[in-house]
Each structure stands twice: as structure tokens, then as C-alpha cells.
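Enquirer: Just passing along the structure, written as C-alpha cells.
The values are calculated or read from the model by the stated rules, or taken from the named source; none is laboratory data. All values reported here derive from a predicted model rather than from experimental measurement. No Cβ is skipped: glycine too gets one built from the backbone with ideal geometry, and neighbour counts run over all protein chains shown. Ligands, DNA and RNA are stripped out before the accessible areas are found, and what is left, the full protein with its side chains, is counted by its heavy atoms. Shrake-Rupley method; radii C 1.70, N 1.55, O 1.52, S 1.80 Å.
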Amino acid sequence: MSVVSGKDLEQLQAHLELQKKLKNPGIIKRKIDKGELLDKIRETLGDCQRCPLSKTRTNLVFGAGDPNARLMFVGEAPGRDEDRAGIPFIGRAGQLLTKIIQAINLTRDQVYIANILKCRPPNNRNPEAEEIESCYPFLLQQITVIQPRIICALGTFAAQTLLETKTPIGRLRGGSHYFDENIRVIPTYHPAFLLRNPNKKRDVWEDMQRVMKLLA
Ligand code: URA
């Protein structure tokens, strides 16, 4: 999927505008507050009606955490609890993610958590192409602002979207992947998958140890 194929020209212009500003890191350090930039992206989304998920969602789930985070977690899409609260990863899978974050000696407030899609697909079905096309440019803007060192891609869907590949998560794990020249991607299993397959916890712990090493 191409980043520039989004229907909404306004989104693309905002993304390019941000990239221009961010090319000069002095500007962002001196004059631009990353939190304010994230607020602007949230404002642009507004009461988003760009895809059919707007008809069934309760709340749009923008993302949460530290705008200056060095580590970002990206999941698939909000579930029922997240849709109700407007906050990412707060249901059962989210509680497991919180424990994973604590296991690497961080708190949810010290990382940034978001999803590929900002609205819940009905019955948690898989995201559809047009939904990704409308929504993903906004996550790209968030990443452009936050500039994390590492993006931990949670599950097949996030990893395949961020890395623009169809390779299964089991083969992406443990590899050396980059979102761009400065941002590493560490793919790992989704916490919801871990709840169903606790034998995979060891693999996730290995991935988190890589995250810790890269952050050190
Ligand atoms: N699963 C996800 O991928 N994201 C959430 O926010 C919650 C559950």
C-alpha cells in the first residue's frame, strides 16, 4: 500500500507540511511542541467520517502516551472497551500490554500507544483496505511528529502494514526492520494472541529484551 495513495488531499498536505518542518530539527526543538502537533492532527481528524467505521464507532481512539516517547506500540484497531472509552489497549489484551510495558521498566505514560485504525471494526473483524487507506495517513503523521526510536508492531496486521509486506509475523519476528532510516520496527505477537497462546510469552519476552537493548 502506498502512503501517498490516500483519497484525502488535506491529510497528505498536512503530512508533507509536517515532514518539511521536521526536516529542520531545530524548529521542532525550539518552537514546536510535539503535544501541540499531535493535538493539531487530532483536530484535523475531527468527528471523522472518512470511512464507514464512523457509522458504528462510539469513540475514535486517537492514541495515548508521551508525545516525546522513544518507544511506540502500534496495534491493529480498537476493540469494544477501547471504543467505549476512546483510549487504546485498555481491555484484557491492553492489561497484558500494560504488564509487558512494566516488564521493560516503563509505564504507559512513558511510551506512546496507537493503532493502525482509529475506529473499531464491527465485531472486531479485520480492517478493510479502504479503512486503512483513510486512516493510516494519520498514524503516519503521528509517527512523523513523535519520531520514536522504536516502533513495536503488535501482531500481524500492524507489522505487515508498517513494513508494507505480506510476510507472516512468525517470520518477521527477530528480524532487522526499519520504518525509515531512524526508526527501528520490532514486530512481536499481539497481546490478544498471547492470551490465547501463553506458550508464546517467551518469544515476546525475547522481543522486549531487544527493545530494551536498543533503548539503552
Ligand atoms: N487490540 C488492538 O489492536 N488495539 C487496541 O487498542 C485494543 C485491542
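Enquirer: Assuming residue 77 fulfils every condition listed in (1) touching a residue at least 40 places away in the same chain (Cβ under 8 Å); (2) more than 8 Å from the ligand (Cβ to nearest atom) apart from one, which condition is it?
Expert: If we test residue 77 against (1) touching a residue at least 40 places away in the same chain (Cβ under 8 Å); (2) more than 8 Å from the ligand (Cβ to nearest atom), just (2) comes out false.
Enquirer: How many residues does segment 80-105 hold that are in contact (Cβ under 8 Å) with a residue 40 or more places away in the chain, away from the ligand (no atom under 13 Å from the Cβ) and either within 26 Å of residue 40 (Cα to Cα) or not β-branched (Val, Ile, Thr) (or both)?
Expert: Matching residues across segment 80-105 total 2.
Enquirer: Something else now. Would you call residue 213 among the basic types (Lys, Arg), part of a helix (DSSP H, G or I) and out of contact with any strand residue (DSSP E or B) (no Cβ under 9 Å at 6 or more places or on another chain)?
Expert: Against the criterion (among the basic types (Lys, Arg), part of a helix (DSSP H, G or I) and out of contact with any strand residue (DSSP E or B) (no Cβ under 9 Å at 6 or more places or on another chain)), residue 213 qualifies.
Enquirer: Being open to solvent by 80 Å² or more (accessible area, probe 1.4 Å) and either away from the ligand (no atom under 12 Å from the Cβ) or more than 21 Å from residue 184 (Cβ to Cβ) (or both) is the requirement here; does residue 57 meet it?
Expert: No: the conditions fail for residue 57.
Enquirer: Would you confirm whether any residue within segment 147-159 is open to solvent by less than 10 Å² (accessible area, probe 1.4 Å), within 16 Å of the ligand (Cβ to nearest atom) and within 15 Å of residue 59 (Cβ to Cβ)?
Expert: Scanning segment 147-159 turns up no residue that is open to solvent by less than 10 Å² (accessible area, probe 1.4 Å), within 16 Å of the ligand (Cβ to nearest atom) and within 15 Å of residue 59 (Cβ to Cβ).
Enquirer: Among the residues of segment 32-44, are any at pLDDT below 95 and more than 16 Å from the ligand (Cβ to nearest atom)?
Expert: Yes, there is a match, as at least one residue in segment 32-44 is at pLDDT below 95 and more than 16 Å from the ligand (Cβ to nearest atom).
Enquirer: Okay, next question. Any residue in segment 146-171 that's among the small types (Gly, Ala, Ser): show its pairings with residues that are in a helix (DSSP H, G or I) at Cβ separation under 7 Å, as long as the two are six or more apart or on different chains.
Expert: The qualifying pairs are 153/159; 153/162; 155/169; 155/193; 159/169; 159/172.
Enquirer: Can you tell me which residues in segment 126-141 are closer than 27 Å to residue 203 by Cβ and either more than 16 Å from the ligand (Cβ to nearest atom) or surrounded by 13 or more Cβ atoms within 10 Å (Cβ to Cβ) (or both)?
Expert: Within segment 126-141, 127, 132, 136, 139 meet the criteria.
Enquirer: Mind checking which residues of segment 160-216 are open to solvent by less than 60 Å² (accessible area, probe 1.4 Å), of a type in the set (S, T, N, Q) and either within 16 Å of the ligand (Cβ to nearest atom) or under 14 Å from residue 104 (Cα atoms) (or both)?
Expert: Passing the criteria: 160, 161, 188, 197.
Enquirer: Here are 114, 77, 103: which of them is touching a Gly at 6+ places or on another chain (Cβ under 9 Å) and open to solvent by less than 60 Å² (accessible area, probe 1.4 Å)?
Expert: Testing whether each residue is touching a Gly at 6+ places or on another chain (Cβ under 9 Å) and open to solvent by less than 60 Å² (accessible area, probe 1.4 Å) leaves just 114.
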